[in-house]
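The values are calculated or read from the model by the stated rules, or taken from the named source; none is laboratory data. This is a predicted model, so every value here is computed, not measured. Backbone-built Cβ (ideal geometry, glycine too); neighbour counts: all protein chains shown.
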Amino acid sequence: MKRFSIVLAGFFLLISFEFAYSEESVEQIVDKANKAAYYQGTGGKAKVEMTITDSQGRIRKRVFKILRLDLADGGQQKFYVYFSEPADVEDMTYLVWKHLGRDDDRWLYLPALDLLRRIAASDNRSSFVGSTFVYEDISGRALDQDEHQLISSEGETYLVKNTPISKDSVEFSYYNVYIDKNSYLPIRAEYFNKQGKLSRIVEALETGDVQGYPTVKKSKASDLENGSNTVTEFSEIQYDLGLDESIFTERYLKRPPRKWLD
């Protein structure tokens, strides 16, 4: 019986050892979640309808199309956003060159003023066109800007705590992200202010499969401090379009590439 117990104990020890090493590290989980959220396919296109509700319950709409080109999986990307509605933002464009290891390049063209504005890195946490989303939400936050800690892997989701390395560069102290274990899509992010109080939530309201890629089709950002929120609905979603990199240049900020926007 002793021999059996020793052998059995050794078997379970071996299983436990292999299981521990088969589990993904928090870095692998975060990397997969980042790719699921921002790198599906080699690029893509979508129509976005944004409903902004301010702290007094007043509603505004924004309609735009977004183009994305991946230069490297999990690496450099380019984003182009063209606004079509309402009239006060019609023909406004937004361009992002996403880099690794340094700040992204971002430009906003305001046709009413014929003004091309460079968006500084310090503005990444500012409101995106008056919504509850911020500029950084559109193209993503660089993984190396935060320290990541796996808090829980129970049930259907991973819970990862993310603490900014440069604490003075952001308005939050840390944020928690819930990641679906099957698709690796981040389904909820909770931001805590400097006092440790939950202040902002970004969540996926609807997800689905598009061309074999798990995709967020509806999302919501809520500011718990002032009571505003923004809901975005994605339609006409397409991946792997073979977009031309020349689209993602300052030249097309003033002259939108109609071929890809119609």
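Out of the residues in the range 174-209 that are of a type in the set (Val, Ile, Thr) and in contact with a Phe, Trp or Tyr (Cβ under 7 Å, 6 or more places away or on another chain), which is farthest from ILE29 (Cα to Cα)? It comes out as ILE187.
If I ask for residues that are among the polar types (S, T, N, Q) and in contact with a Lys or Arg (Cβ under 6 Å, 6 or more places away or on another chain), which ones from the range 94-141 would you list? Break it down into steps so the answer makes sense when it comes.
Here is the first cut: in the range 94-141, the ones among the polar types (S, T, N, Q) are 122, 124, 126-127, 131-132, 139.
Matches in the range 94-141: SER139 only.
Taking the numbered list (1) of a type in the set (A, V, I, L, M); (2) crowded, with 17+ Cβ neighbours inside 10 Å; (3) closer than 26 Å to VAL96 by Cα in turn, VAL160 passes all entries but (3). Pairing residues of the range 220-249 that are without any contact (Cβ under 8 Å) to a residue 24 or more places away in the chain and more than 23 Å from PHE133 (Cβ to Cβ) with residues that are assigned to a strand (DSSP E or B) and of a type in the set (D, E, K, R), at Cβ distances under 6 Å and at least 6 apart in sequence or on separate chains, gives no pairs at all.
Given the criterion of a type in the set (S, T, N, Q) and within 25 Å of ASP54 (Cα to Cα), identify the matching residue among ASN182, ASN229.
Details: ASN182 fails: within 25 Å of ASP54 (Cα to Cα).
Result of the check over ASN182, ASN229: ASN229.
Residues that are at pLDDT 95 or above and closer than 19 Å to ALA46 by Cα, at least 3 per element: which strands (runs of 3 or more DSSP E) completely within the range 136-253 meet that?
Values: elements: 146-152, 157-164, 172-180, 186-193, 198-210, 213-223, 229-239.
Strands (runs of 3 or more DSSP E) meeting the threshold: 198-210, 213-223, 229-239.
For the range 190-220, give me the residue count where each residue is hydrophobic (A, V, I, L, M, F, W, C) and touching an Asp or Glu at 6+ places or on another chain (Cβ under 7 Å).
First pass over the range 190-220, keeping only residues hydrophobic (A, V, I, L, M, F, W, C): 192, 198, 201-202, 204-205, 210, 216.
Within this subset, residues satisfying the condition of being touching an Asp or Glu at 6+ places or on another chain (Cβ under 7 Å) are 198, 201-202.
Qualifying residue count, the range 190-220: 3.
If the condition is being hydrophobic (A, V, I, L, M, F, W, C) and surrounded by 13 or more Cβ atoms within 10 Å (Cβ to Cβ), then the range 58-92 contributes VAL63, PHE64, ILE66, LEU67, LEU69, LEU71, PHE79, VAL81, PHE83, VAL89, MET92.
Any residue in the range 182-192 that is more than 27 Å from GLU233 (Cα to Cα), touching a strand residue (DSSP E or B) at 6+ places or on another chain (Cβ under 7 Å) and of a type in the set (A, V, I, L, M, F, W, C)?
no
The strands (runs of 3 or more DSSP E) found entirely in the range 80-125 that carry 1 or more residues being under 19 Å from ASN34 (Cβ atoms) are 93-98, 105-110. Identify all residues within the range 165-207 that are farther than 19 Å from ILE138 by Cβ, of a type in the set (A, V, I, L, M, F, W, C) and touching a residue at least 40 places away in the same chain (Cβ under 8 Å); write none if there are none. The one that is farther than 19 Å from ILE138 by Cβ, of a type in the set (A, V, I, L, M, F, W, C) and touching a residue at least 40 places away in the same chain (Cβ under 8 Å): ILE179.
Only one of the numbered conditions (1) modelled with pLDDT under 95; (2) part of a loop (DSSP other than H, G, I, E, B) is not met by LYS259, and that is (2).
For the range 47-62, enumerate the residues that are within 28 Å of THR215 (Cβ to Cβ) and more than 22 Å from the chain's Cα centre (by Cα). Walk me through how you get there before you give the answer.
Initially, the range 47-62 is screened for residues within 28 Å of THR215 (Cβ to Cβ), giving 47-53, 59-62.
Passing the criteria: ILE59, ARG60.
Residues in the range 25-57 that are surrounded by fewer than 19 Cβ atoms within 10 Å (Cβ to Cβ), among the β-branched types (Val, Ile, Thr) and under 15 Å from TYR158 (Cα atoms): VAL26 alone. With respect to ASP244, is the statement that it is in contact with a Ser or Thr (Cβ under 6 Å, 6 or more places away or on another chain), acidic (Asp, Glu) and under 25 Å from ARG106 (Cα atoms) true? So ASP244 fails the test.
Hey, among the residues in the range 135-144 that are under 14 Å from the mean Cα position of the chain (by Cα) and of a type outside the set (Phe, Trp, Tyr), which one's surrounded by the fewest Cβ atoms within 10 Å (Cβ to Cβ)? So that I can check it myself, show each step before the final result.
Here is the first cut: in the range 135-144, the residues under 14 Å from the mean Cα position of the chain (by Cα) are 135-143.
Still in the list and also of a type outside the set (Phe, Trp, Tyr): 136-143.
Working: GLU136: 19, ASP137: 19, ILE138: 20, SER139: 21, GLY140: 17, ARG141: 19, ALA142: 17, LEU143: 15.
Here the residue is LEU143.
For the range 42-65, taking the residues that are part of a strand (DSSP E or B) and free of Cβ contacts under 8 Å to residues at least 40 places away in the same chain, the one that is farthest from ASP123 (Cα to Cα) is identified as ILE59.
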